[in-house]
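Where a number appears in this text, it was derived from the coordinates with a stated rule and is not lab data. Remember, predicted model here, so these are calculated numbers, not experimental data. Note that each Cβ is placed from the backbone with ideal geometry, even for glycine, and that neighbours are counted across all protein chains shown.
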Amino acid sequence: MATTKLQIKKDDTVKVLVGKDKGKTGKITKVFSAKGRVIVENVNLVKRHTRPSQANQEGGIIEKEASIDASNVMLVCPACNAASRVGVKLLENGSKARFCKKCNEIVDK
């Protein structure tokens, strides 16, 4: 499976576009670029039944975040505070930076 270049990175704030958590916003905690999936905090919570183990003495039902497809989230621009598409532009010093296509502001620090 070929890795795809994602427009979103870890610690970006994103808005969920489709699914049971549509409209929620959260920060990306993990990116799986090979699978094209991301984990967003407090989004797509699933219940996992676990056995008692050395790490988890009690076991029981644990609620945790499951991954969602990267195409189902959209970056929230810190400048205009709206969910928008992301473009990549070449800066004067030769480096690349992501920018918001609504307000044309650079997203990367």
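Once the Cα-Cα distance is subtracted from the 0.36 nm per residue extended length, the Q7 to V86 segment shows a gain of 27.8 nm. The K24 and S71 beta-carbon pair, evaluated with R₀ = 22 Å, returns a calculated FRET efficiency of approximately 0.85. Reducing segment 70-106 and segment 3-66 to their Cα centroids gives an inter-centroid distance of 23 Å. With a Förster radius of 35 Å applied to the beta-carbon distance between E105 and E58, the computed FRET efficiency rounds to 0.15. Fully extending the segment from F32 to L17, taken as 0.36 nm per residue of separation minus the present Cα-Cα distance, adds 3.5 nm. Couplings 3J(HN,Hα) of segment 38-50, computed from phi: 9, 10, 10, 5, 6, 10, 6, 6, 10, 9, 10, 8, 10 Hz, in residue order, whole Hz [Karplus 6.51 cos²θ - 1.76 cosθ + 1.60, θ = phi - 60°; x for Gly and Pro]. Inter-label distance, A79 to N93: 1.8 nm, where each label sits 7 Å from its Cα along the C-beta direction.
The alpha carbon radius of gyration of segment 20-74, expressed as a multiple of 2.2 N^0.38 Å, is 1.33.
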